Amino acid sequence: CNAESKLEASWRLQKLAFEFPEMTFLALDSFWSYERSAETLHLAQHTPNVLWDCGGPLGFASIERFVKEHGSEKFTYSGEAVYASQTLRGGGGRPRLMQQILEADITGKDKANILGGNAARLFGKKTG
């Protein structure tokens, strides 16, 4: 979703999610700006059938806040994104975004959901 794009605007995805409530949609790159993060958190309240990818400079929306407000089942890690794959000093060589998730004040189950469980379920793969 790209709030600044006419073709990728989040309202278009929301419209599809409303029209096809039995389907689960994957929204990519939802947290690339403060505005997009705020819009994503608002849309998540109204679109239970959208899985939100956390790609982007996640500092605009905290993992803890998202999980508290919407549950970890609505959030997925995008390890292949260029920004998400950058490493932090002291992060053990892990991608920056992965380290933020691992250090977040959320349960182990929430972390497992975000780091792969939700995506596995979306694509019909067994977890655990």
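The values are calculated or read from the model by the stated rules, or taken from the named source; none is laboratory data. All figures in this text were calculated on a predicted structure; none of them were measured in a lab. Positions of Cβ are backbone-derived with ideal geometry, glycine not excepted, and every protein chain shown enters the neighbour counts. When the accessible area is computed, the model is the full protein with side chains, heavy atoms only, and any ligands, DNA or RNA have been set aside. Shrake-Rupley method; radii C 1.70, N 1.55, O 1.52, S 1.80 Å.
Whenever a residue of the range 107-128 is under 21 Å from Met23 (Cβ atoms), it has no partner that is of a type in the set (Lys, Arg) and not in a loop (DSSP other than H, G, I, E, B) lying with C-beta atoms less than 6 angstrom away and at least six residues away or across chains. With the structure loaded, tell me whether Ser10 is closer than 30 Å to Glu103 by Cα, modelled with pLDDT under 85 and crowded, with 20+ Cβ neighbours inside 10 Å or whether it fails that test. Answer is yes for this residue. Here Ala81 meets the list (1) modelled with pLDDT of 80 or more; (2) surrounded by fewer than 20 Cβ atoms within 10 Å (Cβ to Cβ); (3) closer than 23 Å to Leu7 by Cα; (4) of a type in the set (Gly, Ala, Ser) almost entirely, failing just condition (1). Reported count of residues in the range 102-122, each being open to solvent by 60 Å² or more (accessible area, probe 1.4 Å) and part of a loop (DSSP other than H, G, I, E, B), is 2. Scanning the range 52-66 for residues that are open to solvent by 10 Å² or more (accessible area, probe 1.4 Å) and not in a helix (DSSP H, G or I), we see that the one that is modelled with the lowest pLDDT is Pro57.
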